[in-house]
Amino acid sequence: MSSQDDFADVLNGNEIYAAGFRLSELQARAAKGLAVLTCMDSRIDPLGMLGLAPGDAKILRNAGARVTDDVLRTLVLADYLLGVERVMVIAHTDCRMASGTEADVHDDIRAAGGPDTRSMSFLTTRDQEGALRDDVQRVRSYPYLGNVAVGGFLYDLATGRLSRIV
């Protein structure tokens, strides 16, 4: 059961943020024509690592930076309605989704007191670069996307550097 205090820290942070809020004039379109798909890992700052500012790009995040059906649906909207012309798929070093098997993740969730998740797929991979290539190809070949340029990159958490893989 949740209490009001569970979110007090972030609600307080929001009050401070809102007091200086200056983004209301930004357009919904991606100013740089860019969409970025990256991992939900909290060590990644998508805008900062690319030298971007709020409003420059559409940011999509999920576990492992994988191109899922939901990502494709979102990219179609971004392409046709929000000015996206380029898509970066950015995986990262030291990613939990690239360090074990599906069975490992299910077992770890269970060991942490979670439910049996074997009906779910977490899209783990032991071949991160191969998965990145496959995901980029999935975007490139998706029939509902226009002429978006797509690239696959690996972000090094130790150095902050980005390397183009495909």
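The values are calculated or read from the model by the stated rules, or taken from the named source; none is laboratory data. Treat the numbers as computed from the prediction; the structure is a model and nothing was measured. Here the Cβ positions follow ideal geometry from the backbone for every residue, glycine too, while neighbour counts run over all protein chains shown. Ligands, DNA and RNA are excluded from the accessible area calculation, which covers all protein heavy atoms including side chains. Shrake-Rupley method; radii C 1.70, N 1.55, O 1.52, S 1.80 Å.
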I'd like to verify a number: residues in segment 138-159 that are among the aliphatic types (A, V, I, L, M), assigned to a loop (DSSP other than H, G, I, E, B) and under 16 Å from R66 (Cβ atoms), how many? 0
Any chance A131 is hydrophobic (A, V, I, L, M, F, W, C), within 26 Å of K58 (Cβ to Cβ) and either touching a helix residue (DSSP H, G or I) at 6+ places or on another chain (Cβ under 8 Å) or not in a loop (DSSP other than H, G, I, E, B) (or both): yes
Quick one: in segment 1-22, of everything that is open to solvent by less than 60 Å² (accessible area, probe 1.4 Å) and among the hydrophobic types (A, V, I, L, M, F, W, C), which residue is farthest from A53 (Cα to Cα)? A8
Counting only residues that are over 26 Å from G100 (Cβ atoms), hydrophobic (A, V, I, L, M, F, W, C), open to solvent by less than 40 Å² (accessible area, probe 1.4 Å) and in a helix (DSSP H, G or I), how many does segment 55-83 have? 3
Could you tell me whether P46 is over 27 Å from R138 (Cβ atoms) and under 18 Å from the mean Cα position of the chain (by Cα)? no
From the options M97, M88, M49, M40, residue that is aliphatic (A, V, I, L, M), touching a residue at least 12 places away in the same chain (Cβ under 8 Å) and open to solvent by 50 Å² or more (accessible area, probe 1.4 Å): M40
